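Worksheet: one structure, shown below.
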Amino acid sequence: MQFQLTDSLIDDIISAMENQDVEYAVDAEEGQLVISDSDGHIPDDERYYILPEWGPSDGFELREDFVNNLHSPLAREELQSAMHSGRGVFKNFRNVLKSYPEVDKRWHIYKHRFMSARINEWYNSLREIWGLEKLDQLPESDESLVHDDFSFKEYDSAADRKTILLNITAGACEDESLPPEVNEAFYGLWKASFEGASEKKQTGYICFSLSDEFAGCITTSPLLQNQEKINVITSLFVPEQFRGLGIGTELIEMCITSLQNCGKKWVLVPNLFAPDILQPLLTRTGFRKIYSGYLLSLGE
């Protein structure tokens, strides 16, 4: 007997696979899950289908893969500790995610996508038995979840200037290998660059989490009065707890699009304001190293 694999049934199967205390099967006639008997057997193997195998080791490997591919440094470090904490690993994993709502959302999407693919493979094996063609694999979800997890708005000097200055100062201790005064001096240069730019001509974007917590910013201003086609980055900052979630890339891309629409031709990032942590991001978004800084051509 055949059954249709609906989205709601997939969700039910995922929940059932994660339940290690109860054995479930799909009732093909009703199109829903039923509990197997005490021995894990089903009375009619033409109507009932045992779910794909899924045990604690599968759950551990899934979490391990997620953590290994996570680019948020603070969350990754805490989750790795939870994964090697001995007893209560899954509970400890959940507890860590409570402190990182955006990472938690990505985890559930990652888990759902992976387990849905496993279920799809199982269902295709049944379709082969039924003499039916295999279904296409489930489409990959959009990796760019940043606009679901964060809000972006244009920089408003009257409303946002103080917020940016406070957060540039708050991030003073960046590199633990350096003395605090060196870190403070570096951020002091960022602050001076931002404060020195014309408030009227400074443009950019600012990002907040869904809980209205500052999550990043980018601002630019014309380099010189007689070089209006060239803009210089005056701030580019993402707090450590929000790094690796795509915020920096999105801020840069939004800023580039805005400058292109305004007829700008070049964007400069002085090397003084391009520490190692920013260099991969700048390269990935199209900047190239020149002299002692970075330059991006915005085209004709």
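Readers should treat all values here as calculations from the given coordinates under stated rules, not as data from a laboratory. None of these values were measured; they are calculated from a predicted model. Here Cβ is always computed from backbone atoms with ideal geometry, including for glycine, and neighbour counts include all displayed protein chains.
For region 7-144, what does the relative contact order come out to in percent, with C-alpha contacts under 8 Å and a separation of six or more?
Here the relative contact order equals 17 percent.
Would you mind telling me which residue in S151, S258, S15 has the biggest mean-square fluctuation in a Gaussian network model of the chain, where springs connect alpha carbons within a distance under 10 angstrom?
In the Gaussian network model the winner is S15.
If you take every residue apart from I256 with its C-beta less than 13 Å away from the C-beta of I256, what net charge results, scoring Lys and Arg +1 and Asp and Glu -1?
+1
Can you tell me the FRET efficiency between E184 and E64 if r is taken as the Cβ-Cβ distance and R0 is 51 Å, rounded to the nearest 0.05?
0.85
Simple spin-label model, 7 Å along Cα-to-Cβ: K265 to F90 in nm?
Those two pseudo-labels are separated by 6.1 nm.
Using θ = phi - 60° and the Karplus curve 6.51 cos²θ - 1.76 cosθ + 1.60, what whole-Hz ³J(HN,Hα) does each residue of region 241-256 get, with Gly and Pro shown as x?
Running phi through 6.51 cos²θ - 1.76 cosθ + 1.60 with θ = phi - 60° gives 5, 10, 6, x, 10, x, 5, x, 4, 5, 4, 5, 5, 5, 5, 4 Hz.
Name the residues whose placed amide hydrogens come within less than 5 Å of the amide hydrogen of G216, ignoring near sequence neighbours (fewer than 5 apart) on the same chain.
Correct list: C207.
Tell me the relative contact order for the chain as a rounded percent, counting alpha carbon contacts under 8 Å between residues six or more apart.
Computed value for the chain: 12 percent relative contact order.
Could you please report the charge total around R161, scoring K, R as +1 and D, E as -1 over all other residues with beta-carbon less than 11 angstrom from its beta-carbon?
That works out to -3.
Give me a comma-separated list of calculated 3J(HN,Hα) values for region 14-21, in order, Karplus coefficients 6.51, -1.76, 1.60 applied at θ = phi - 60°, integers in Hz, x for any Gly or Pro.
4, 4, 5, 4, 7, 7, 8, 9
By the scheme Lys and Arg +1, Asp and Glu -1, what is the net charge of all other residues having a beta-carbon under 13 Å from that of G204?
-2
To the nearest 20 debye, what is the magnitude of the charge dipole of the chain about its Cα centre, counting +1 on the Cβ of each Lys and Arg and -1 on the Cβ of each Asp and Glu?
Value, rounded to 20: 2100 debye.
Computed FRET efficiency, Cβ-Cβ of K229 and R161, R0 41 Å: what is it to the nearest 0.05?
0.95
For region 146-164 and region 67-115, what is the separation of their C-alpha centers, rounded to whole Å?
For region 146-164 versus region 67-115, the Cα centre distance is 27 Å.
Binning at 10 angstrom from zero up to the longest distance, how are the C-alpha pair distances of the chain distributed in percent?
Pairs per bin, as whole percents: 5, 22, 24, 18, 14, 10, 6, 1, 0.
Build a GNM of the chain with springs between Cα atoms under 10 Å: which of K105, K200, K264 gets the top mean-square fluctuation?
Ranking K105, K200, K264 by mean-square fluctuation puts K200 first.
Just grab the label-to-label distance for S8 and A192, each label 7 Å out from Cα along the Cβ direction, in nm (one decimal).
6.5 nm
So who's got an amide H within less than 5 Å of the one on S235, skipping anything under 5 residues away but keeping other chains? H placed 1.01 Å off N, in plane.
T219
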